[in-house]
Structure formats: structure tokens, C-alpha cells
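These notes are about the structure you will find just below.
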Amino acid sequence: MKRFILSLAALAFLVPATAHAAGDQEVPPEHHWSFNGIFGTYDRAQLLRGLEVYRGVCANCHGLKYVRFRDLEAIGLSEDEVKAIAANYTVEGDVDSFGDPTTREAKPFDAFPSPFPNDEAARASNGGALPIDLSLVAKSRVHGPDYIHALIGLGYEENAEPGPTGLYHNPYMAGGYIAMPPPLFDDAVEYHDGTAATVEQMSTDVSAFLMWAAEPKLEARKAIGLKVILFLLVLTGLFYVCKRKLWANVEH
Amino acid sequence: MQALLNNGFIRWFDNRLPVLSWTNHHMMEYPAPRNLNYAWNFGSLAGLALVLQIVTGIVLAMHYTPHADMAFDSVERIMRDVNYGWLLRYMHANGASFFFIVVYLHIARGLYYGSYKAPREVLWWLGLVILLLMMATAFMGYVLPWGQMSFWGATVITNLFSAIPLIGEPIVQWLWGGFAVGNATLNRFFSLHFLLPFVIVGVVVLHLWALHHKKSNNPLGIDYKGPQDFIPFHPYYTIKDAFGAGVFLILFAIFLFYAPNYMGHPDNYIPADPLVTPAHIVPEWYFLPFYAILRAIPDKLGGVLAMGASIFILFLLPWLDTSRIRSATFRPVFKWFFWLLMIDLVVLGFCGANPPEGFWVPLSQVATVYYFLHFLILLPLIGWFERPRPLPDSIAKPVLKA
Ligand code: HEM
């Protein structure tokens, strides 16, 4: 009987494992992230550095429409710092009293806007390719942060030149070619904490930041999960003891 | 319960609306075979999963917006801004997978112990109706977050109806509410996704009615001979089901809290885009064996018919299986073929997950043929030629070693 259930369960669990069959891409190397594992949490200092990379480099082409400026308080910025960051961005405002559209400084309740007014403009400035919104990219690609880290940190050849189609070779991208020019070079940003801004450092930091952007509730999830599972283990243990006791006198 | 009925008012009320007597009769004194093993836990677990889906689903529906331009954003808002919205959504999405896991195990239990045989054919049919309703519900639910897999899954599956000769095209347009999967499709799927779980509840009531009328089958698969074969449901099976529910919830929690996207597809975090077709369109894991059967047949209509037949054939199972012995325990040959069928289904699952290229194509064809061979040829033959092992006299006898 036990064998019956175990074998069936084993059979059933094998199937989803293959559901994400990858294409012809190279598999990114596994990085040891602070948010991996049961007790994983985000490394605040790393997220702040990642934010600096995003703001300094990626934000020139990519928006982050599900991340509001005030969400940054969760990674350690103060209310005033959030206000100051928001003030660097311009967003659409209400129509004015003449009915004409206006723009205004972003406020903490606004989200990181796309640098382009619309997708067509974004394509026009990027050789026809769309720089996607990055809010969910850590969850919408197989291997998530490992993939981003490999794509921007390891995938480009040194002094990469675009091919005849305007695409760069990058083995981690589906199909092996990507329209994004190599975004990082050493000292592309200056870190507030003095960390040396190597390509490896920046690609790691921004990947962690994008994971946070995609899954901001990860820490709460893991912390609650631990409590729930411990509680369930005790409860189930009690049920088991009661079951043994109740059935002790029943031949079955 | 009896103590409650000593209270004058409660007795007066129960005399006019016998809720307490009814509960007592069906959930406490209800006689259950004394020898049920843990394979009999999956029914109550399926019930638990249904309740979890309904409760989380109703709260999700309070925050979700069924509009093609807003659905994806509203799900992200649930994940980020609604208090514990991430928990609700991950519970609902993983809950659907766990619902299918327990229901498939529940069905496998029925196949192994011959629970579909007389006098439980109608009970079996009602179970299959629940399975079909669940599939429709889960399919439409998966469309709601309006990601790439939502959109393209919906497109592929609704397009299957176009295989029907003559009226196929009009039917597909009628399902879509337009000339492509769009806002009208999303709206009706939301409405039906909200409705069908309650229809499932209704069919579950009938399923349990049929069960209580003919009583549970058991691992020996023999009929009950007298009261010594039974024990009251409460406390023996209530506590056993509670223990099973605990184990289920622990496994559920492990996925929910530590791998919430493992059973989902990353593409569904990309908003639906009718202009970009994903490289591989794959359904949720619980549809993969059926998807493999669909694609195994080179002809579209043939594939649709084969996929439909793969489930409808189960309705005929009580008559395709010609053996009068229920439990595989006493069927030395059938037992082997049961496990072969399980392996075949897993192979079909892998075929469904992989693109229809290379050796996956012939493999899925062999596995599809074997699936039908099992039910149409092997089962009747095994029933006729197999020599079953001797059955015990009663449930109580081997148990009490009298
Ligand atoms: C038979 C029970 C049910 C099953 C098998 C089921 C299955 C599913 C599935 C597979 C999804 C997509 C999950 C995702 O990736 O987000 C979903 C979404 C959804 N379901 Fe259900 N569901 C059930 C019951 C219900 C009920 C009773 C309601 C509401 C009354 C409901 C409301 C929703 C809503 C609003 C969504 C979209 C939000 C989301 O994507 O998480 N569901 N369902």
C-alpha cells in the first residue's frame, strides 16, 4: 500500500519537472544568491547597489512599471531619499485648464516610468527591438536572476560589435542573438558604498535588485512559510498520535 | 451528538429540521469498512482542495479585473498591494495543481481497487463528471491572469473546436465572442470560472449521495457481510482524514512558500500579446498526457476525437473490465497492467511537455496506442483469462484472524 502511494506520487512529480523544456540557449551558471533557500533574505546593501545600476544604466531604456518609488522604503531608503529619487523622473500629469496634456515631477506613489513615451518610440530608438519593462523579468525567464546575471554579465564578447542585422551574439539569449548593446562596462556607475563597479559586480547587484522588483514579498513568504510548516508538523504529529491511540483497539 | 439531542430546544428543532440527526447519520455513525488504507484519504483531500479553491478564489475575485487591458495588472496588484494577496494567489494557483494531484490519485485508487465496478458505476460516472468540470474550470482559470500562456493556451484549445466539420468555425467564433481570443473571451471565461466550482460542489453532493447509498469499496474489494465488517466513520476515519489533511497541507505549504512558481510557466509573467507567439505552447502539467494524445494523431479532427475518447472511455470502464473481482490484490495479471498503464500515462506526460519533434512523435504515438489498447483489448482479455487468487470470506475475517 505504501509502495502504491509512493510510486504514484513519484510518477506524478516527475512530469512537471520537464514542463519547462528550454530551447537552444546556454544554461546560465548558478549563482549563490542571498535570497536562495529556506532562510533566504535579500541583501539590502546589494539591492541598493542594484538600484544604482538600474537607475544609472538600465533606466535609459527599460521601465519598471510595477515598482513604485515608495516601495524603495522596503529596501532601506528613507522617505526623503525616495522623494528625491522620484523627483528625477517626469510622468504624465492631468490635463490643464485649457484641456492640454501636462507633465509633472514624479511623486513617491508613482512607478518608475519607461524612458519612452510608447512602445513604438522605444522600438524606433533601439533598432526595432523593444526594451521590455523589467519589473517581472526575473520571473518571466527560466533561471530568473541567474539568467539576467549571465545575459548582461557574461554573455557578451569583449568589445562586442553588432552583426550585420544589428544584433549582438549572446549565447544566453533565446536564439543566441540580442538587440541590446552590452549595457555594462567597468565603472559604468559609481557605487555610494565605494564597492568597485566591475561588470561582474554590477550584473550581480542589478540581477538581485530585479529579483526583488519581481518578488518583493519573498521574505515575508519564506518567514511565514516556516511558521506555517512548523505549526502543521506539530498539528499533524498530534493527529497521528490520536489516530494511533483511537485505532489501537480496532483490528484492521 | 447524542448529548446535544438531550437538550429540549435542540430536540424540538431537530424534530422539525433534522440537521443534527442527518449529520449524525452521515458523518458520525455512518458505517465504513474497517480495513480502508491510506489510498482512501484522497476523496476527503479532494474535498479540502475544492474548499480551498473556492475560498481563495472568491477573495481573489474581489480584487481581480476581468478586462483584457487590466487583468494582468490587477493580478500584479494582488501580488504587490493587496494584503496577503501574494498568499491568496499562490494558494489558488498551486491549489489547482494539488487539487489535480489528489484527484488523479483518487482515480488511480479507483482503478487499482476496482471501485468502478457494480454497484458503483454511477458513483464512478459522477467522479468523471467532476473531473471534466475541473478541467474546464482550471483551463478557464489559467486564462484569467492574461499572460502569454493564458492567451495562447486559450487560442490553441478553443481552436480545437474548429476541427468539427461544417459548424467548427462558427462554434469557435461563438466561444470567443468575436474573431479571436479577446476581451469578450476573457469575460465569459471569468464568469464560467466563477460558476463551475459551484456546479462541482453540486456534483460532489451527488457523488457522496451515491457513495453513502452503496457504501465504500475497500482494499479487499469484497462485499460486506455484516456489522462486524464496519466501524463508525467518527472517530476512526475523521481522525485518519485529519492526519491525511495535515500531510497534504505540509506538502502544499512546501510548494506554496518555497517554490510557488515551480508548477507554473515563466511565460505567464509576460502580458498577453496576440502578435508574439511563444516558442513552445504548453498547457499546465495536469493536461500534458491528454495534450500528448491530441498531438499524437497527425490529423486535427482525429486528435481531438482521440483526446475526447481518452476520457470518455473511462465511462465505459465498468463494462470493459470483464473481471468480477474488484481489487487488484487478487488479480495477479491485472496488477501488472495497472502499473504499465501508470507508466504509460507518465510517458504521455513527458511527451506532452516536449515539442512534437524527433523521437517524441513516435513515442507519443506508441503511448497513445497503448493507452487505448489497455482499455479496449487488454482489460476485457485479462478479465476472461486471468485466474484470480482466492478471495477472503469477509472483510472482518482476515482482519480479525478469526
Ligand atoms: C474547481 C476549483 C478551481 C480550480 C481548479 C481553479 C483553477 C484556477 C487556475 C489554474 C487559475 C490560474 C492561476 C494563476 O496562474 O494565476 C485560477 C485563477 C483564478 N481563479 Fe480559480 N479555480 C477554482 C475555483 C475558483 C473559484 C470558486 C473562484 C471564484 C469564485 C476562482 C477565481 C479565480 C480568479 C479570480 C483567478 C484569477 C486570479 C489569478 O490568476 O490568480 N477560482 N483558477
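Just so you know, all these numbers are worked out from the coordinates, no wet-lab data involved. Everything quoted here is computed from the prediction, not taken from an experiment. Ideal geometry is used to build each Cβ from the backbone, glycine not excepted, and the neighbour counts take in all protein chains shown.
Points worth noting:
- Within the straight-line cut-off of under 17 Å between alpha carbons, the aspartates and glutamates reachable from A:Lys227 are A:Glu219, sequence neighbours fewer than 8 places apart in one chain being disregarded.
- Shown for A:Met173, B:Met28: other C-beta atoms within 10 Å of each C-beta, ranked fewest to most, produce the order B:Met28, A:Met173.
- Across peptide A:209-218, the average count of Cβ atoms from other chains found within 10 Å of a residue's Cβ is 2.
- For chain B, the longest principal axis of the alpha carbon atoms and the long axis of helix B:233-258 meet at an angle near 20°.
- For the stretch B:370-391 versus the stretch A:197-247, the inter-centroid distance based on Cα atoms is 47 Å.
- In loop segments of the stretch A:87-183 as defined by DSSP, the GluC sites (Glu not before Pro) with at most 16 further C-beta atoms inside 10 Å of their C-beta are A:Glu157, A:Glu158.
- Rounded to the nearest 10 degrees, the inclination of helix B:148-159 to the longest alpha-carbon principal axis of chain B is 80 degrees.
- Net charge of Cβ neighbours under 11 Å - reference A:Ser140; Lys, Arg +1; Asp, Glu -1: 0
- A:Glu26, B:Glu386, A:Glu52, B:Glu284 arranged by Cβ crowding within 10 Å, fewest neighbours leading: A:Glu26, B:Glu386, A:Glu52, B:Glu284
- Burial ordering of B:Met62, B:Met1, A:Met202, B:Met263, fewest other beta-carbon atoms within 10 Å first: B:Met62, B:Met1, B:Met263, A:Met202
- Set of lysines near A:Lys65 by C-alpha distance (under 23 Å), chain-local residues within fewer than 8 positions excluded: A:Lys83, A:Lys107, A:Lys139, A:Lys217
- Amide H contacts of A:Lys65 (H built 1.01 Å from N, under 5 Å, at least 5 apart or other chain): A:Leu134, A:Ser135
- Computed E for B:Thr238/A:His32 - FRET, C-beta separation, R0 56 angstrom, nearest 0.05: 0.75
- For A:Leu51, net neighbour charge (Lys/Arg +1, Asp/Glu -1) across residues whose Cβ lies under 14 Å away: -3
- Compactness of the protein assembly as shown, expressed as Rg and Dmax over alpha-carbon positions, Å: 28.7, 97
- Anisotropy class of chain B from Cα gyration tensor, a/c 1.5 cut: oblate
- Cα gyration tensor shape of the stretch B:113-173, rounded if a/c is under 1.5, else prolate or oblate by comparing a/b with b/c: oblate
- Virtual spin-label span in nm between B:Leu305 and A:Ala124, 7 Å along Cα→Cβ: 5.5 nm
- Set of lysines with alpha-carbon distance to B:Lys117 below 22 Å, sequence-local pairs under 8 removed: B:Lys214, B:Lys215, B:Lys225, B:Lys335
- Shown here for the stretch B:300-392: chymotrypsin sites (Phe, Trp or Tyr not before Pro) in loop regions (DSSP other than H, G, I, E, B) with at most 12 other Cβ atoms within 10 Å, namely B:Phe359.
- HN-Hα J in Hz across the stretch A:188-203 - Karplus 6.51, -1.76, 1.60, θ = phi - 60°, x for Gly and Pro: 5, 10, 10, 6, 5, 9, x, 4, 5, 8, 7, 4, 4, 4, 5, 5
- Vicinal HN-Hα couplings computed from phi for the stretch A:166-175 (Karplus, 6.51 cos²θ - 1.76 cosθ + 1.60; Hz; Gly/Pro x): x, 9, 9, 6, 7, x, 7, 7, 4, x
- Kirkwood radius for the stretch B:282-402, taken over all pairs of different Cα atoms as the inverse mean of 1/r, rounds to 16.0 Å.
- Label point at B:Arg11 placed 7 Å out along Cα→Cβ; residues across the stretch B:22-51 whose backbone nitrogen lies under 19 Å: B:22-25
- Per-residue ³J(HN,Hα) for the stretch A:33-45, Karplus 6.51 cos²θ - 1.76 cosθ + 1.60, θ = phi - 60°, Hz, x for Gly and Pro: 7, 5, 8, 6, x, 4, 9, x, 9, 6, 8, 3, 4
- Neighbourhood charge, 9 Å Cβ-Cβ cut-off, centred on A:Gly40 and excluding it, Lys, Arg +1 and Asp, Glu -1: 0
- Calculated SAXS-style log₁₀ I(q)/I(0) at q = 0.09, 0.13 Å⁻¹ - chain A, Debye, Cα scatterers: -0.55, -0.94
- Relative contact order for chain B, counting Cα pairs under 8 Å that sit 6 or more residues apart, in percent: 23 percent
- Taking every C-alpha pair closer than 8 Å and separated by at least 6 residues, the mean separation divided by the residue count of the stretch B:282-402 gives a relative contact order of 38 percent.
- Amide H to amide H distances under 5 Å link B:Ile231 with B:Ala32, B:Arg34, where only residues 5 or more positions off or on other chains count and H is placed in the peptide plane.
- 0 to 90° range, to nearest 10: angle between helix A:218-247 axis and chain A longest Cα axis: 10 degrees
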